[in-house]
Amino acid sequence: MTNCLFCGVAAGTIPADVVLRTDQVVAFRDINPQAPVHLLVIPVAHYRDAGALAAADPLLAGQVIQAAQSAAELQGLTDYRLVFNTGEHAGQSVFHAHAHVLGGRSLTWPPG
């Protein structure tokens, strides 16, 4: 997809601090971290949001979650929060499906 920031990260044309990469999924550090560890996990293929990803390719959605767990483990996390913002009113600002992995400190609830 043209002009998609995360498609550029997935393609390697936009630099990112990548912590895990497979043929299907990329995990990288968020440039505006909200916790000591804040990773974004994206499918290489473009889907607008988590709902679209789950509807179109549930196996890939599962790979995103597996990659989130692996990336968290690589960062030494045993406790972490996994968040998918779906839609503008839910806080999604980049419209390419992605999971946030947050950890490294005690997290409160509700998140905001």
Check your understanding: free of Cβ contacts under 8 Å to residues at least 40 places away in the same chain and either part of a helix (DSSP H, G or I) or surrounded by 12 or more Cβ atoms within 10 Å (Cβ to Cβ) (or both), is that true of residue 86?
Key -> yes
Review point. Which helices (runs of 4 or more DSSP H) does the range 1-75 wholly contain that include 3 or more residues that are in contact with a strand residue (DSSP E or B) (Cβ under 7 Å, 6 or more places away or on another chain)?
Key: 5-11, 58-74
Exercise for review: Please go through the range 81-102 and pick out each residue that is aliphatic (A, V, I, L, M) and in contact with a helix residue (DSSP H, G or I) (Cβ under 8 Å, 6 or more places away or on another chain).
Suggested key: 82, 94, 97, 99, 101
**Study point:** Lone qualifier among 93, 106 - being closer than 24 Å to residue 11 by Cβ, without any contact (Cβ under 8 Å) to a residue 40 or more places away in the chain, hydroxyl-bearing (Ser, Thr, Tyr) and not in a strand (DSSP E or B)
**Key:** 93
Exercise for review: Within the range 42-64, track down each residue that is out of contact with any Leu (no Cβ under 8 Å at 6 or more places or on another chain) and aliphatic (A, V, I, L, M).
Suggested key: 42, 44, 50, 52, 54, 55, 56, 59
Practice item. Report, by residue number, each residue of the range 34-55 that is farther than 23 Å from residue 78 by Cα, surrounded by 14 or more Cβ atoms within 10 Å (Cβ to Cβ) and of a type in the set (A, V, I, L, M, F, W, C). Key: 44, 45, 50, 52, 53, 54
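So that you can scan it fast, the table gives a plain yes or no per residue for (1) touching a residue at least 12 places away in the same chain (Cβ under 8 Å); (2) more than 14 Å from the chain's Cα centre (by Cα):
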| residue | (1), (2) |
| --- | --- |
| 17 | yes, no |
| 20 | yes, no |
| 28 | yes, no |
| 52 | yes, yes |
| 78 | no, yes |
| 81 | yes, no |
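Read-outs: derived from the displayed coordinates by stated rules, not from any lab. Bear in mind that the values here come from a model prediction, so they are computed numbers and not experimental data. All Cβ positions, glycine included, derive from the backbone under ideal geometry; neighbour counts span all protein chains shown.
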